[in-house]
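Presented below is the structure to which this report refers.
The values are calculated or read from the model by the stated rules, or taken from the named source; none is laboratory data. Just so it is clear, the structure is predicted and the values come from calculations on it, not from any experiment. With ideal geometry, Cβ positions are generated from the backbone for all residues, glycine too; neighbour counts draw on all protein chains shown.
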């Protein structure tokens, strides 16, 4: 008998949060990640809007282990609307594949690019993906 599985994405504006980058952006690695990109809090910035956002897939191992929860990611949406860089900022599961699925999924998303004064610019966006078994 097959169980029904629902994947839900929870964040304001259809799974994409346009909050200011988290306060932990202070290490050299963090600064390198956001280099040359604008934060959502930048004055006059029009944030990117998602236009293609497929859902992540549960791995069979994570289903058997009944792992549920949220993977936090941070992406840089490039001026062409593609995701240029992506990383996990808060892990749910490093061993059974949910972190990897979340990262692979957000890398495939496409956006209407963010703009500043009418020009498309790279923008840092925080995205959460909520994995739930039902």
**OP:** Could you please tell me which pairs satisfy a Cβ distance under 9 Å, a separation of 6+ or placement on different chains, a first residue in region 24-50 that is at positive phi and at pLDDT below 90, and a second residue that is surrounded by 15 or more Cβ atoms within 10 Å (Cβ to Cβ) and in a loop (DSSP other than H, G, I, E, B)?
**Re:** none
Original post:
Can you name the residue in region 70-87 that is farther than 19 Å from residue 39 by Cβ and touching a strand residue (DSSP E or B) at 6+ places or on another chain (Cβ under 6 Å) and is also surrounded by the fewest Cβ atoms within 10 Å (Cβ to Cβ) among such residues?
Top reply: 70
**OP:** Kindly list the number of the only condition in (1) surrounded by fewer than 17 Cβ atoms within 10 Å (Cβ to Cβ); (2) in contact (Cβ under 8 Å) with a residue 24 or more places away in the chain; (3) farther than 23 Å from residue 31 by Cβ that fails for residue 64.
**Re:** (2)
